Structures are given as structure tokens and as C-alpha cells.
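What follows is a short report on a single structure.
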Ligand code: ADP
Ligand code: ADP
């Protein structure tokens with residue numbers, strides 16, 4: 001049976017950072033809805049054109065578009081063992097659609113690590129985030145700086161600051177999270193899959209807690 005893990009938490013909690021670290025260890029592909037949207041923006045696809053306005057404003061792309069995109073991605077052969085989902089689902093409608101599509105793939109959500117970080121920390125994390133142009137590797141100018149400023153440690157490509165990481169968009173994105181995504185905390189708690197983690201700890205400590213928490217859940 002395939003293993004699906006959903007990383008939950010506000011923008012800036014460290015979902016992408018942790019996903020990049022644990023994806024290989026778990027043998028699951030890292031599926032980031034934000035990365036897929038940004039790839040489509042870069043390549044100016046129809047999906048990218050449709051999503052651009054929402055992303056620039058810090059709003060959610062409509063559910064039907066996002067669900068279709070994830071369904072297509074999860075149907076690909078590399079997702080046969082399952083997937084590590086980062087940034088999806090973000091609404092109750094998306095969570096229900098995910099459940100339904102996983103039933104088709106003979107799987108279900110095994111664990112939902114919820115990375116908790118208070119709002120004031122999120123703002124400094126996002127406004128100081130630097131993202132790698134080629135693969136989306138994630139750095140922070142103070143908390144996790146690259147060896148050489150502006151250059152990705154992993155693939156040497158240039159680092160940029162996301163347009164939607166400027167302060168005013170960040171504040172709006174956090175509000176959108178509170179209204180539309182935070183209800184998923186209770187949703188998954190009721191399903192018995194929620195795993196709460198302190199996201200204010202150093203990156204490697206969060207990784208240790210995450211892997212330890214998953215051990216029991218994935219085996220179960
Ligand atoms: P998300 O995917 O949840 O939006 P990211 O993984 O992109 O979050 O992390 C947001 C920013 O915070 C990045 O600049 C990253 O380097 C930094 N960061 C991630 N985890 C931590 C941590 N545990 N402590 C300090 N900074 C962190
Ligand atoms: P962060 O890393 O800060 O959490 P993401 O990279 O996950 O941000 O998402 C960036 C933007 O892409 C979101 O603000 C939203 O516009 C869009 N997006 C990503 N995932 C979803 C989703 N599941 N549903 C709707 N919109 C999404």
C-alpha cells in the first residue's frame with residue numbers, strides 16, 4: 001500500500017525545508033504544489049497564466065484547478081510508493097478530494113506532521129527567504145544562509161527572493177492560511193493522523209522529531 005504524508009503548517013513553518021531533507025530518507029517524492037505552480041509560471045503554461053494573479057496577490061488558486069493539477073502529478077509512475085505532500089491540501093474541499101483520489105490509488109493519508117510556528121516568527125522567516133531558481137532549494141539570509149550569498153549550495157544556481165515573500169503579501173498569506181487552511185488541523189486531528197511538532201526549534205532538531213514521529217505512524 002502506498003504511503004502518503006501531508007505536511008501541514010503556515011507559510012514559513014519549514015515544510016519545504018523539511019520535505020527536501022526527508023524525502024530521500026523516506027523514499028517518497030516531494031510534491032510541492034507551490035513549486036509546481038512556479039514551474040508553470042516560469043514556462044508560461046496555461047495553468048501558469050491562470051494561477052499568476054492569485055499567487056501574486058497571496059490568495060489561493062481555485063480548488064478545481066489545484067486538485068486537477070495534484071491528481072495528475074500523483075498519477076505519475078514515480079508516485080507509486082506514495083508521496084510527501086507539501087502545500088496541498090490547503091482547504092477542506094482539497095482534503096476531501098485528496099481522500100477520494102487516494103482511495104482510487106488504494107492508499108490513504110498515513111500521517112500529517114503539523115509544524116507549529118507563531119505568526120511573528122513567520123514574517124521574518126518569509127521576508128528573509130532565498131529560493132533556488134533551478135530546484136527550489138530553500139535558504140534564509142540569517143537562519144540558514146548559503147555558503148556563498150546568492151548561490152545555491154546544492155546546484156550552484158542563483159537564489160532569488162520570491163515576489164510573494166514581500167512583507168505585505170506575506171501578511172495576507174498568513175491571514176488566508178488562518179481562514180482557509182487552519183481548519184485542516186482539526187480535520188486531521190479527528191482523523192487521528194495529526195502529529196504536532198515545534199517548528200521554532202533548529203532545522204535539524206525538527207527533522208529528528210519529524211522522523212521519530214513518523215516511525216510509529218508509517219509502520220502502523
Ligand atoms: P514553508 O515551506 O513552510 O513555507 P520554508 O521551508 O520555505 O517554509 O521555510 C521558510 C524560511 O524559514 C526559509 O527561509 C527557511 O530557510 C527558514 N527555516 C525553515 N525552517 C527553519 C527553522 N527550523 N529555524 C529557522 N529558520 C527556518
Ligand atoms: P509557502 O511555501 O510560503 O507555504 P507555497 O509555495 O506553498 O507557499 O505556495 C505559494 C502560492 O501558491 C500560494 O500563496 C498560493 O497562491 C499557491 N498555492 C500553493 N498551493 C496551493 C493550494 N494547495 N491551493 C491553492 N493555492 C495554492
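The values are calculated or read from the model by the stated rules, or taken from the named source; none is laboratory data. Keep in mind that what you see is a predicted model, and the values were worked out from it rather than measured. Using ideal geometry, Cβ is built from the backbone for each residue, glycine included, and neighbour counts are taken over all protein chains shown.
Of note:
- Condition met for residue 179 (closer than 18 Å to residue 89 by Cβ, without any contact (Cβ under 8 Å) to a residue 12 or more places away in the chain and more than 12 Å from ligand 1 (Cβ to nearest atom)): yes
- Residues that are within 11 Å of ligand 2 (Cβ to nearest atom) and touching a residue at least 60 places away in the same chain (Cβ under 8 Å) within region 35-80 comprise 35, 38, 55, 56, 57, 58, 59, 60, listed in sequence order.
- Hey, residue 188 at pLDDT 95 or above, more than 15 Å from ligand 1 (Cβ to nearest atom), at negative phi and surrounded by 15 or more Cβ atoms within 10 Å (Cβ to Cβ) or not: yes
- Search result, residues across region 132-159 that are within 14 Å of ligand 2 (Cβ to nearest atom), assigned to a loop (DSSP other than H, G, I, E, B) and at pLDDT 95 or above: 137
- Hits in region 118-131 - residues which are assigned to a loop (DSSP other than H, G, I, E, B) and surrounded by 13 or more Cβ atoms within 10 Å (Cβ to Cβ): 128
- Scanning region 97-110 for residues that are more than 18 Å from residue 32 (Cα to Cα) and in a helix (DSSP H, G or I) returns 100, 103, 104.
- Among the conditions (1) outside any helix (DSSP H, G or I); (2) surrounded by fewer than 21 Cβ atoms within 10 Å (Cβ to Cβ); (3) modelled with pLDDT of 95 or more, the only one that residue 113 does not satisfy is (2).
- Residue list for region 4-20, filter: more than 11 Å from ligand 2 (Cβ to nearest atom), assigned to a helix (DSSP H, G or I) and farther than 18 Å from residue 134 by Cβ: 18
- Residue 93 vs. criteria more than 15 Å from the chain's Cα centre (by Cα) and either under 19 Å from residue 17 (Cβ atoms) or within 15 Å of ligand 2 (Cβ to nearest atom) (or both): yes
- The single condition among (1) free of Cβ contacts under 8 Å to residues at least 60 places away in the same chain; (2) within 18 Å of the chain's Cα centre (by Cα); (3) within 14 Å of ligand 1 (Cβ to nearest atom) that residue 134 does not meet is (3).
- Of all the numbered requirements in (1) surrounded by fewer than 14 Cβ atoms within 10 Å (Cβ to Cβ); (2) more than 15 Å from ligand 1 (Cβ to nearest atom); (3) within 24 Å of residue 36 (Cβ to Cβ), residue 193 misses one, and that requirement is (1).
- Verdict on residue 193 being within 13 Å of ligand 2 (Cβ to nearest atom), under 27 Å from residue 75 (Cβ atoms) and either more than 18 Å from the chain's Cα centre (by Cα) or in contact (Cβ under 8 Å) with a residue 40 or more places away in the chain (or both): no
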